[in-house]
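Rule-based calculations on the coordinates, nothing more; no lab input. None of these values were measured; they are calculated from a predicted model. Here the Cβ is made from the backbone with ideal geometry for all residues, glycine too, and neighbour counts use every protein chain on show.
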Amino acid sequence: MTLPRDYSGQSCALSRSMEIVGERWTLLIVRDAFHGVRRFGEFAAHLSVPRAVLTDRLATLTGAGVLERRSDTGRREGYALTAKGVALWPAVRALSAWGDRFYPAGSGPRRVYVHVADGAAVDEGGRCTGCGGLVPVADLLVTPGPGAAPAGPDADPVTAALARPHRLLTPLLPQPAHREVVER
């Protein structure tokens, strides 16, 4: 008997959530969006996900209102998290902390989150170890942790950029400059 591709007939909130974020690659796309990845090519290069799969996952996330397409400069479009997408941060943070605890990379976590306001580390629960407050995602700085491997010379632009501290929800890579068309 083949497994069904969806959770139809299930009524719990977790099964309904899994319909949106439960397929392979989907939470990694969401994670990268938190880190500031915006363009299709950036997601594809960083995740090494097949383009057809990425197209499908981005369509699912935009259709569900987790991501939205935004026009950047010129003719290019990018993706950004909506308020609904930003609300996934506690789940992404918790799954990352769980992975760091039970499946550590190297000598510690690959990424460390810091409270922008006071520079203190943020614990697994999302609280600042300095001020004790729950830190909103927009006030987090992601920095390479002790388990992060250095970005090699062949690293894709996203991996190279993540080797430096970066504020979440801000574009990770510089967006191409808008070129004005001058009529003559």
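Of all residues in region 85-114, those that are surrounded by 15 or more Cβ atoms within 10 Å (Cβ to Cβ) and either free of Cβ contacts under 8 Å to residues at least 24 places away in the same chain or over 18 Å from Leu134 (Cα atoms) (or both) total 6. Annotation: of all residues in region 127-137 being free of Cβ contacts under 8 Å to residues at least 60 places away in the same chain and closer than 19 Å to Thr170 by Cα, the one that is farthest from the chain's Cα centre (by Cα) is Val135. The single residue among Thr129, Thr82 that is surrounded by 12 or more Cβ atoms within 10 Å (Cβ to Cβ), more than 25 Å from Arg16 (Cα to Cα) and of a type in the set (S, T, N, Q) turns out to be Thr129.
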